Amino acid sequence: MSAVHYELIGNIGVIRLNNPPVNALSQALREGLWGAIKNAQDDTSQALILLCEGRTFIAGADITEFGKPPQAPALSEVITEIENSHKPVIAAIHGTALGGGFEVALACHYRCALASAKIGLPEIKLGLLPGAGGTQRTPRLAGVEAALELITRGTPISAEKAESMNLIDRVIENDLLSGTLTYAHELIQRNAPTRRVRDICIDPASIPEGLFDDFRQRLEKRTRGQLAPQHIVSCLEAAVKLPFEQGLAKELDLFIECLLSSESAALRHLFFAERTATKIKGLPKDTPTREIKSVGIIGGGTMGGGIAMNFANAGIPVKLLEVSQTAIESGLAVISKNYSISMNKGRLTEGQKAHFLSLIQGTTNYSELAEVDLVIEAVFENMALKQEVFTKLDQSCKPEAILATNTSFLDIDQIAAATSRPENVIGLHFFSPANVMKLLEVVRGTKSADPVISTAIQLAKTINKTPVLAGNCYGFIGNRMLLPYNREAQLCLLEGATPEQIDSVMESWGMAMGPIAVGDLAGLDIGFKARQGLSDAERGDPKTYCIADVLVKMGRLGQKSGAGYYRYDPETRARVNDLEVLAIIEAQAEIQGIKRRKISNKEILERLTFALINEGANILEDGTAQRPSDIDVVYVYGYGFPAHRGGPMYYADNIGLAKVYESICAFHDRLSENCWTPAPLLARLAREGSTFASWADDSH
Ligand code: 3HC
Ligand code: NAI
């Protein structure tokens, strides 16, 4: 079937678009749609319906075409053709009408949608703004304030909500085509006009004074320095103040500026990176997956509780196994409190909370796990304990059940060896808070079977996570890279920086939280305990964590004890600089024979980010990550790396591997030979003038 098909059903012309998988507006689709509208003007039809085949209505512009020379017809020309039609055009929406897809619908004279459909303008998530009239037509239908909210959030809304905002004219319950045909006949019967959104006027007097300035300020707090959000506000202001055509011209100018920005290029990279990460090299496409209808979780602490919520939210029942009834009750109480917080924010109803809670049942008895399809272990980070748990699971669970561990660092093969079914053992590494963070590292043991891996990847989608496959090594992808990053943060402290300087350098660069503040949030005792379990060789230079060790011994464990590197306001939890800590740092530097110096912000930034990149290169070369973009996904979705910088490996390619390599060599000569051994892959690519991305394209 060609991309666009036209048929007459009685006196209604039905234009069907078919461009799998998501009906993106490729050149062929634009041309076909433009032609179909044009041709239909002269036939016997009295109204036209625009309908899509496959799983969704148009999902937007074809993002793969961005950055390439434009090909006619432009989307704006197609949209004008639709709006100019002298017969009413009705969009019939199922799945999602997003971005350019919803802009096509806005150019139609009427819009019907299945009750399950969603509409939205998610361009902001790609560092863009709606560039085909979305910023001009949405406020004309929904009002300026609602349009500001919809476009700057970028989150799709339900058909019902869209109807209440005047963006959808009729919600259809069952059969979309027959429902829209009925609607079309009604329009013809009442001689309904070709109602063009562009003709609606917004009365400037109806806009509250200062609306745009206030909104800009609030938005800046949320979107820190990004281009697209502020440009969206300018477009909406133009929709109020300028005639339609001038508003469109302004929108196009600002859209192009966004499209050419490094910010948008990075976000588009991540869009594809996230989807590519789900493709597992060497795993045949038809690898079977197992159905996960029920789950067991061992350990209902910080992670176990959050993990349980993910499954309950997806409607999958959970058995939460703990050491005692008291431990079950305290785990369930935390889960209940978390749901209450969502309820108080209006994100959950009382009924939903009760339903989710009813799906999580506590137990102390392994026999209750006999029939579950998957178990995720989240007990303390201790190999002997984990092996004991896995031995019990092996004895209690059905043979085909998948046994997973949420370990942060430990050897999956050693854990699997405690069972008689290492092929069914895998790492499922969630990130804290597990009910919020998007990343799921899927760690492949030496013997993990293909169907177990493909089930884990599919399961991630069910529970709304972004999976990345990692090889089995100490810390996998994310935590392994974090070790040299944290090492450099600690060494900068000793050598002359303050906690505040390090955190503010990294936060103003875009990290969600600086490394020192993250330490306080996670609890300094966690790293302390982990270091106790390492050999001297694994622990590395003892000076690295000397400050943290002193703080732990003083009982300064971080936020949970009210003080760590910072003090915390008991009411607001705001962090406060602490001179006592500065004195500790200075004393430790003296003990270590280090003369503290002024460290520049640039040095801090380069030491921390280049440490990540160097380890990332090692991880690529030894195959722990499948590709550089997978590492980018791990860091953006699991570690608060700024999305608009695309992830550490993308960032490295952008600043140039030669520059990164030269700086690392300089650190090696000046700071430490042991810490700063340049990764061989980085050295090679830098010499060749190449990039991680092109190395990946060369079929690695
Ligand atoms: N352009 C090109 N390819 C796209 C695409 C798009 N707009 N949207 C999705 N795809 C591709 C994906 O890369 C993926 O390819 P792959 O199979 O080779 O990996 C495939 O379609 C399927 O996508 P998903 O895995 O995401 O499928 P889901 O069913 O999970 O989700 C979706 C479907 C909700 C439509 C989701 O794909 C999505 O959110 N797409 C992007 C929507 C968007 O951002 N639209 C705005 C584009 S910008 C724009 O329109 C500018 C305009 O204002 C001018
Ligand atoms: P936690 O200390 O909050 O919870 C552990 C829970 O396990 C406790 O409730 C304890 O009662 C229970 N438990 C201990 N022994 C048990 C047993 N034999 N049977 C059943 N339950 C038992 O620990 P947390 O933070 O949830 O960590 C759990 C695992 O998740 C660890 O392996 C950790 O490395 C990993 N992890 C932790 C992250 C974090 O940020 N806290 C992030 C990602 C992974």
*Can you give me the number of residues within the range 284-312 that are more than 16 Å from ligand 2 (Cβ to nearest atom) and modelled with pLDDT under 95?*
3
*asked:* Kindly evaluate Met506 against the criterion of being in a loop (DSSP other than H, G, I, E, B), at pLDDT 95 or above and surrounded by 21 or more Cβ atoms within 10 Å (Cβ to Cβ).
replied: no
*Working only within the range 599-644, note down all residues that are of a type in the set (Lys, Arg), part of a helix (DSSP H, G or I) and surrounded by fewer than 24 Cβ atoms within 10 Å (Cβ to Cβ).*
Lys602
_Index of the failed condition, Glu251 passing every other in (1) part of a loop (DSSP other than H, G, I, E, B); (2) of a type outside the set (A, V, I, L, M, F, W, C); (3) surrounded by 23 or more Cβ atoms within 10 Å (Cβ to Cβ)_ = (1)
*asked:* Being within 16 Å of ligand 1 (Cβ to nearest atom) and either in a loop (DSSP other than H, G, I, E, B) or more than 25 Å from Val295 (Cα to Cα) (or both) is the filter here; which residues of the range 456-495 pass it?
replied: Ile463, Asn464, Lys465
*Any chance the range 90-111 includes a residue that's more than 10 Å from ligand 1 (Cβ to nearest atom), in contact with a His (Cβ under 6 Å, 6 or more places away or on another chain) and within 23 Å of Ile157 (Cα to Cα)?*
no
_Of all residues making up the range 159-210, the number that are touching a helix residue (DSSP H, G or I) at 6+ places or on another chain (Cβ under 9 Å), surrounded by 12 or more Cβ atoms within 10 Å (Cβ to Cβ) and over 18 Å from Ala146 (Cβ atoms)_ = 6
*Going by the structure shown, is Met513 surrounded by 22 or more Cβ atoms within 10 Å (Cβ to Cβ) and either in contact with a Phe, Trp or Tyr (Cβ under 7 Å, 6 or more places away or on another chain) or not in a strand (DSSP E or B) (or both)?*
no
_Tally up the residues in the range 279-310 that are outside any loop (DSSP other than H, G, I, E, B), touching a strand residue (DSSP E or B) at 6+ places or on another chain (Cβ under 9 Å) and β-branched (Val, Ile, Thr), please._
4
_Among (1) away from ligand 2 (no atom under 16 Å from the Cβ); (2) in contact (Cβ under 8 Å) with a residue 60 or more places away in the chain; (3) among the acidic types (Asp, Glu), there is one condition Glu350 misses while meeting the rest; what is its number?_
(2)
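Yes/no matrix, rows are residues, columns are (1) surrounded by 11 or more Cβ atoms within 10 Å (Cβ to Cβ); (2) under 19 Å from Ala489 (Cα atoms):
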| residue | (1), (2) |
| --- | --- |
| Arg556 | yes, yes |
| Gly564 | yes, yes |
| Tyr568 | yes, no |
| Ala574 | no, no |
| Asn577 | yes, yes |
| Val581 | yes, yes |
| Ile584 | yes, yes |
| Gly593 | no, yes |
_Being in a helix (DSSP H, G or I), surrounded by fewer than 16 Cβ atoms within 10 Å (Cβ to Cβ) and of a type in the set (Lys, Arg) is the requirement here; does Lys38 meet it?_
yes
_Can you go through Leu121, Leu187 and tell me which one is touching a residue at least 24 places away in the same chain (Cβ under 8 Å) and more than 16 Å from ligand 1 (Cβ to nearest atom)?_
Leu187
_Pairs, first hydrophobic (A, V, I, L, M, F, W, C) in the range 640-665, second buried (at least 24 other Cβ atoms within 10 Å of the Cβ) and not in a helix (DSSP H, G or I), C-beta under 8 Å, six or more apart_ = Phe641/Gly647
*Flag for Gln46 being in contact (Cβ under 8 Å) with a residue 40 or more places away in the chain and within 16 Å of ligand 1 (Cβ to nearest atom)*: no
_Exactly one of these conditions fails for Ile655: (1) under 17 Å from Lys602 (Cα atoms); (2) at pLDDT below 95. Give me its number._
(2)
*Counting only residues that are assigned to a loop (DSSP other than H, G, I, E, B) and of a type in the set (Val, Ile, Thr), which one in the range 159-196 is nearest to Ser45 (Cα to Cα)?*
Thr194
_Pairs with Cβ under 8 Å, 6+ apart, first in the range 414-443 and more than 15 Å from Ala456 (Cβ to Cβ), second part of a strand (DSSP E or B) and away from ligand 2 (no atom under 11 Å from the Cβ)_ = Ile415/Val425; Thr419/Leu403; Thr419/Val425; Arg421/Leu403; Lys438/Thr466
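The values are calculated or read from the model by the stated rules, or taken from the named source; none is laboratory data. Predicted model only: the values in this text are computed from it and were never measured. Please note: Cβ atoms are built from the backbone with ideal geometry, for glycine as well, and neighbour counts cover all protein chains shown.
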